[in-house]
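The values are calculated or read from the model by the stated rules, or taken from the named source; none is laboratory data. Not measured: the values here are computed from a predicted model. Note: ideal-geometry Cβ built from the backbone for every residue, glycine included; neighbour counts use all protein chains shown. SASA here: full protein model, heavy atoms, side chains in, ligands and nucleic acids out. Shrake-Rupley method; radii C 1.70, N 1.55, O 1.52, S 1.80 Å.
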Amino acid sequence: MSRTIKIFDTTLRDGEQSPGCTMNHAEKLRIAHQLEILGVDVIEAGFPASSQGDFDSVQAIAKQAGDNIQICGLARCMEKDIRRCWEAISVAKNPRIHTFLATSDLHMKYKLRKTPEQVIEMIKSSVSLAASLTSNVEFSCEDASRSEIPFLCRIVEAVIDAGATTINLPDTVGYAVPWEYGAFIKAVMDGTPNSDKATFSVHCHNDLGMAVANSLSAVH
């Protein structure tokens, strides 16, 4: 069976976190235009709730985008973030809300200071809100590669039921290795009863120089 591999470009959001890579409004519009010419499927244009400047850039990119590209905004699992994101991207022809929350034991305990059950409820509520605004919703399990697989399968099943159409399983800290990461992606997909109802996505950090290898292993 043939598959379609979609390219999700996050230069305008995650790329800005690289030292020396901060872009002004005009530069962001130019890069978005060039990404569209290159033919990427989805542009993550920014994090609208993070600042007025980012909101304005995301909205401007959404306005200029054509028919054949999706424009995505990032939002934490918070109502104000999700509504602010939708306000920015709703002018696009093909908008996407991308929301996320940490799912590893370390992040839940020390960053979120919440129990796994509280995290699941936050995620379900946020994805349901996003799905009430658009049919194109992505959810990311932050620090997925250090999360417990049975717990991830519970979350993925719940967010697909709540309306998520894309599931992202990132290597947030850049510490996965290719053979481990590929097996991890397969285990989550195999362990989630409704995995056939969503597109699976990966986002690999390059701290140890293995982002490309990990991404290819996950696609395989």
Accessible area of the range 1-150 divided out per residue, in Å², using a probe of 1.4 angstrom: 51 Å²
In nm, spacing of pseudo-spin labels at Asp67 and Ile7 (7 Å Cα→C-beta vector): 2.2 nm
Peptide ranges 184-196, 38-50 listed from the most packed, as the mean C-beta count within 10 angstrom indicates: 38-50, 184-196
With DNA, RNA and ligands ignored, accessible area of Leu133 (1.4 Å probe; Å², nearest 10): 50 Å²
Computed E for Lys186/Arg83 - FRET, C-beta separation, R0 41 angstrom, nearest 0.05: 0.70
Helix 116-133 axis, angle to the chain major axis (alpha carbon atoms, nearest 10°): 40 degrees
Solvent-accessible area, 1.4 Å probe, carbon plus sulfur percent, for the chain: 53 percent
Scaled radius of gyration (Cα, divided by 2.2 N^0.38 Å) that the chain gives: 0.97
Mean separation of Cα contacts under 8 Å, 6 or more apart, over the residue count of the range 92-189: relative contact order %: 31 percent
The range 53-120, relative contact order [Cα under 8 Å, separation at least 6], %: 30 percent
Point-charge dipole on Cβ atoms (K/R +1, D/E -1) for the chain, about Cα centre, debye to 20: 280 debye
